[in-house]
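What follows is one structure encoded as structure tokens, with my remarks underneath.
The values are calculated or read from the model by the stated rules, or taken from the named source; none is laboratory data. Note that the structure is predicted; figures quoted are calculated from it, not measured. Positions of Cβ are backbone-derived with ideal geometry, glycine not excepted, and every protein chain shown enters the neighbour counts. Calculation scope for accessible area: heavy atoms of the full protein, side chains included, ligands and nucleic acids excluded. Shrake-Rupley method; radii C 1.70, N 1.55, O 1.52, S 1.80 Å.
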Amino acid sequence: MDSFFIYWTAPDGTTQLAGELQTVGGAGVQRFSYDAAWLRSPGFALGEDLPAMPGAIFPPGGASEFGVFLDAGPDTWGRRILSRKLTPPPRSTTQYIAAAADESRQGALRFATQPDGPFLSDGGPEPLSSIESLYEEVRGFQSNHASPGEVARLLRAATSQGGLRPKASVRDDDGSIWIAKFPSEDDTYDVETCEAAALNVARTGGLAVPDFRLIRVNEDRAILVIKRFDRTATGRFGYQSMRTATRVGPYEELNYKMMASAAGFHSGERGVLEIVARAALNITVHNIDDHGRNIGLLQNGQGRWDVSPVFDVVPFPWEAEGTPLSSAVRDRSLDAVMGLDWGVPRSAVAATVQRVSEAAQHVYTVARDEYGLDPETAEIAERFRSSVAR
């Protein structure tokens, strides 16, 4: 049985024991118990699937793991890194979560094997100034020809990363932590450049977007670095994905109406309109990777959750489907967004959709003119984008 003590670090840097996480049975089902002092103060839930209550708590909906802990751990790319780095490699989801580097893991949760620490930490950010050489290690790792010694910096900096694509944590000269997103050897177009353009038009459309930079590698590839929005100068903000916040089961489909309901519960009309804005953005730029782990909630340190800034918005220049608007409405169009009853004034929905879509429709022009996307590629992609985001 694995057992870990879970800590929470607030935005001001204050750290408090929140409870104990254990795995039980041969399947490694997670079980969590809040610390009595935590329930007295501050007393809020770590995530929507982990209500603040005494006694043992098990994941809802027949799941084996709590979503809020999955959100704090690595996904496919980070697990690949850990499997190459550790001998023997982690055997369970919980072990993968605990093995992620403490300094760069998502959100405010921290792990220890003793009630008084120290925090589990094997790795951390590499200097942003050396990102080009870090990219060479990414390429070597993807080729499967590099030895552990030849990718040592990557094995240190990428243990906490989510998603499928290659990433690593990097530190700027001012001490701030950024996520570096690298080209994949399987890419058929300049993904990072298109994502930079999507973040640009999202900001123009009034959405909160972290600071980001694009570092061009060659005429076809670039590295995108994005500042972590879950960090302060001294502390951290809590984070949970929309998949966790909506408490959907492991095999249930998530849609925008469900996400709007969760956001509205925490933030009222403002939260609902944030989700409407994400739907309009993703439809207009044709981002089909808009699943429930790429939209989330950020916690302010006193238990209140708001929709997090935009991240992982990648225009896709071919036919494919993304997250539906509702269980009944499968049509991903701006008309469909405005036709749904979101529980807020229709005039506010229409204004939000218009504001965001007017900015987002220029995504490939921005990619070409401001970030160096190949003009012919931009023209072809724009013809497809305008046809599917009617």
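If contacts are Cα pairs under 8 angstrom and at least 6 residues apart, what is the relative contact order of segment 221-275 in percent? List each step's numbers first, then the result.
Details: 27 pairs, mean separation 11.4, N = 55.
Once divided by the residue count of segment 221-275, the mean separation gives 21 percent.
Of all DSSP beta bridges in the chain, what percent run antiparallel (nearest 5)? Before the final figure, lay out each step's value.
Working: 43 of 45 bridges.
Given both bridge residues lie in the chain, the antiparallel proportion sits at roughly 95 percent.
Roughly how many percent of the accessible protein surface of the chain is carbon and sulfur, given a 1.4 Å probe and a whole-percent answer? Write down the numbers at each step before the final one.
Numbers: 8070 of 16040 Å².
Answer for the chain: carbon and sulfur cover 50 percent of the accessible area.
Multiply the residue gap between GLN16 and ASP374 by 0.36 nm, knock off their C-alpha separation, and tell me the result in nm, one decimal place. Working shown, then result.
Working: separation 358, 0.36 × 358 = 128.88 nm, distance 5.02 nm.
My answer for the length gained is 123.9 nm.
Rounded to the nearest 20 debye, what is the charge dipole size of the chain about its Cα centre when +1 sits on each Lys and Arg Cβ and -1 on each Asp and Glu Cβ?
Numbers: 39 positive and 51 negative charges, 168 e Å.
With only Lys, Arg, Asp and Glu charged at Cβ, the dipole is about 800 debye.
Treating only the Cβ of Lys, Arg, Asp and Glu as charged (+1, +1, -1, -1), what charge dipole size does segment 1-143 show about its Cα centre? Round to the nearest 20 debye.
On the way: 10 positive and 17 negative charges, 79 e Å.
Value, rounded to 20: 380 debye.
Roughly what would the spin-label model give for ARG304 and SER333, points 7 Å off Cα along C-beta, in nm?
Result: 3.9 nm between the two label points.
Which one is right for this structure if mean projected area of the Cα convex hull in nm² is calculated from it: [x] 18.8; [y] 25.7; [z] 17.7?
[x]
Taking a label point 7 Å from the Cα of ARG355 along the Cα→Cβ vector, which residues of segment 270-294 have an amide N closer than 11 Å to it?
273-274, 277
Going by accessible area, probe 1.4 Å, with all protein chains left in place, what is the ranking of PHE111, PHE229, PHE265, PHE58, largest first?
Working: PHE111 0, PHE229 40, PHE265 150, PHE58 100 Å².
From most exposed to least exposed: PHE265, PHE58, PHE229, PHE111.
Report the full-extension gain for the segment MET53 to VAL217: residue separation times 0.36 nm, less the Cα-Cα distance, to one decimal in nm. Before the final figure, lay out each step's value.
On the way: separation 164, 0.36 × 164 = 59.04 nm, distance 5.08 nm.
Gain on stretching MET53 to VAL217: 54.0 nm.
Under a 1.4 Å probe, what is the accessible area of segment 17-99 per residue, stated in Å²?
Working: 3360 Å² over 83 residues.
With the other protein chains kept in place, segment 17-99 gives 40 Å² per residue.
Run the helix sum for the chain: -39,500 (n - 2.57) per DSSP H stretch of 4+ residues, divided by residue count, reported at 222 nm to the nearest 500 deg cm²/dmol.
Working: 13 runs with 138 residues, N = 390.
So the helix-based figure for the chain works out to -10500 deg cm²/dmol.
Under a Cβ-only charge scheme (Lys and Arg +1, Asp and Glu -1), can you give me the dipole magnitude of segment 247-390 about the Cα centre, in debye to the nearest 20?
540
Obtain the nm distance between the two label points defined at SER83 and SER133 by a simple spin-label model: each point lies 7 Å from its Cα along the Cα-to-C-beta direction.
Label-label distance for SER83 and SER133, simple model: 2.9 nm.
Leaving out ligands and nucleic acids, and using a 1.4 Å probe, what accessible area per residue does segment 130-216 come to in Å²?
Details: 3380 Å² over 87 residues.
That works out to 39 Å² for each residue.
For segment 292-369 and segment 110-146, compute the distance between their C-alpha centroids and round to whole Å.
32
For the chain, build the charge dipole from Cβ charges (+1 Lys, Arg; -1 Asp, Glu) around the Cα centre, then report which of PHE384, GLY149, GLY62 sits farthest towards its positive end.
GLY62
Once you put a point 7 Å from the Cα of SER92 and another 7 Å from the Cα of SER64, both along the Cβ direction, what distance in nm separates them?
It is 0.9 nm.
Based on the Cβ-Cβ distance of GLU150 and SER386, what FRET efficiency does E = 1/(1 + (r/R0)^6) give at R0 = 51 Å, to the nearest 0.05? All intermediate terms of the calculation are to be shown ahead of the outcome.
Numbers: r = 45 Å, r/R0 = 0.87.
FRET efficiency, GLU150 to SER386: 0.70.
Using only alpha carbon pairs under 8 Å that are at least six residues apart, calculate the relative contact order of the chain and give it in whole percent.
Reported relative contact order: 16 percent.
Using the Kirkwood radius over Cα pairs, work out the Stokes-Einstein diffusion coefficient for segment 160-256 at 10 °C and 1.306 mPa s, in µm²/s as a whole number. Don't skip to the end; give the middle numbers.
Numbers: Rh = 15.5 Å.
Translational D for this selection: 102 µm²/s.
Could you estimate the translational diffusion coefficient of segment 256-328 from the Stokes-Einstein equation, with Rh from the Kirkwood formula over C-alpha pairs, at 10 °C and 1.306 mPa s, in whole µm²/s? Before the final figure, lay out each step's value.
On the way: Rh = 12.7 Å.
Roughly 125 µm²/s, to the nearest whole number.
How high is the relative contact order of segment 282-379? Use alpha-carbon pairs under 8 Å, at least six apart in sequence, and give a whole percent. Before the final figure, lay out each step's value.
Details: 84 pairs, mean separation 24.2, N = 98.
Dividing the mean separation by the residue count of segment 282-379 yields 25 percent.
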